[in-house]
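Structure first, then comments.
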Amino acid sequence: MKVLVTGAAGFIGSHVTLRLLERGDEVVGIDNLNDYYDVSLKEARLERIRESQGAECFSFEKLDVEDRQGMERLFSGQGFDRVVHLAAQAGVRYSIENPRAYIDSNIVGFLNILEGCRHHGVEHLVYASSSSVYGANETMPFSEHDNIDHPLSLYAATKKSNELMAHTYSHLYNLPTTGLRFFTVYGPWGRPDMALFLFTRAILEGRPIDVFNYGKHRRDFTYIDDIVEGVIRTLDKPADPNPAWTGKTPDPATSKAPWRVFNIGNQRPVELLTYIDCIEKALGKKAEMNLLPLQPGDVPDTYADVESLVEWVDYKPSVPVEEGVARFVQWYQTFYKS
Ligand SMILES: NC(=O)c1ccc[n+]([C@@H]2O[C@H](COP(=O)([O-])OP(=O)(O)OC[C@H]3O[C@@H](n4cnc5c(N)ncnc54)[C@H](O)[C@@H]3O)[C@@H](O)[C@H]2O)c1
């Protein structure tokens, strides 16, 4: 298969790319290499891909998904079988200060992806949504069959918009699309703006860490390898219409069109203080904590119901948080020493 991976220099995109190459797919990666966080980490991830097994089937282009002409040229020149769209402006907190970055990358960019898929016969589009779409929902675990009409950040609103935009393309043009709602992904080569990275760095440097919501919120932390497995399995099974779907009692997770959305989480939420405890154990060093209130835009708890994905592709998250955190810490210490 020839697969386009957008956000290929990103945390999840680089891992997905490696897995596709490993199994013999051809991958075209794009990324605008923006400086939202350390660009040298993005370049190092690309270097890792170029040195990997299967690298001869990888090509990379620095390209912005907002660039309409660039995206049209890419799609018409390449003939992709399938697309994994992971490029986005990520992060909840940053969306409060920089709302426009989210509209540009996540809405305009997503339209360019949909148009490319529509006009060039792509068999299946898998794209990143987020657990943050659950916003003010409090029924736990979060289910795809519940409505998600109360986002708490613009980031969440753009991800929900992607699901809606995808639905119209699935309906109008019969384009199979699958949205994956990722739940706090962590692991080696992770993102410097996320808690695990920030905490590990601060603890090692002897600085205090900012612990929001007094460390009481729970997150369904999901290890990167489990996410990659779910992405690949989903990519291999194009969305199809749900024959039982009816407009009289519309199921929010499926459709008459070839459109699906799934949670992809660990189904084992962990309190932030427990997560910090895992980091301390892996580092052999105690954290000094600034206990602070919940940040605007953040949700108190996330907990994924993954039964639909289990049923769809036999998804089985397997890495416990203690082990995943230890693997991250080991990677961090090796990477930054070298
Ligand atoms: N990591 C998580 O916990 C998590 C949770 C929920 C959803 N997601 C979503 O998963 C996807 C991947 O996340 P990630 O953690 O790997 O983030 P990331 O920031 O590491 O990766 C995204 C990549 O996309 C690139 N990018 C951003 N805007 C672009 C644009 N306009 N054009 C081209 N490239 C662009 C960035 O340079 C980056 O390399 C994103 O859509 C994100 O919103 C991630």
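Decide, for the chain, between rounded, prolate and oblate: order the square roots of the alpha carbon gyration tensor eigenvalues as a ≥ b ≥ c, take rounded if a/c falls under 1.5, and otherwise choose prolate if a/b is larger than b/c, else oblate. Taking the square roots of the gyration eigenvalues as a ≥ b ≥ c, the chain is oblate. Projected onto its three principal axes, the C-alpha set of the stretch 194-338 covers 57, 35, 20 Å, listed from the longest axis down.
Cβ under 13 Å from GLY179's Cβ, GLY179 left aside: what net charge do those residues give with Lys, Arg +1 and Asp, Glu -1? Result for the neighbourhood of GLY179: +2.
Computing FRET efficiency as 1/(1 + (r/R0)^6) for THR249 and ASN174, where r is the C-beta to C-beta distance and R0 is 22 Å, gives about 0.40.
Averaging the sequence gap over all C-alpha pairs within less than 8 Å and six or more residues apart, then dividing by the number of residues, gives the chain a relative contact order of 18 percent. Taking 7 Å steps out from each Cα toward its Cβ at ASP146 and LEU164 produces label points 2.0 nm apart. Exposed loop positions in the chain were taken to be GluC sites (Glu not before Pro) whose DSSP state is not H, G, I, E or B and which have at most 12 other beta-carbon atoms within 10 angstrom. Between these positions, the longest stretch is 139-287.
Per DSSP helix of 4 or more residues, -39500 (n - 2.57); summed, then divided by the residues of the chain. What does that give at 222 nm, rounded to the nearest 500? My calculation for the chain gives -12000 deg cm²/dmol from helical runs alone. Less than 5 angstrom separates the built amide H of GLN267 from those of ALA304, all sequence-distant by 5 or more or on a different chain. Using 0.36 nm per residue and subtracting the Cα-Cα separation, the extra length available between ASP236 and LEU33 on full extension is 70.3 nm. Rounded to whole numbers, the Karplus 3J(HN,Hα) couplings from phi for the stretch 73-86 are 5, 4, 5, 6, x, 9, x, 6, 7, 9, 10, 10, 9, 10 Hz, using 6.51 cos²θ - 1.76 cosθ + 1.60 with θ = phi - 60°, and x at Gly and Pro. Could you tell me which trypsin sites (Lys or Arg not before Pro) in the stretch 274-328 are loop residues by DSSP with no more than 14 other beta carbons within 10 angstrom of their beta carbon? Answer in residue order: LYS285, LYS286.
Laboratory data are not the source of any read-out in this text; all were calculated from the coordinates shown. The shown structure was predicted, so the numbers you read here are calculated from the model rather than taken from an experiment. Virtual Cβ from ideal backbone geometry, glycine too; neighbours counted across all protein chains shown.
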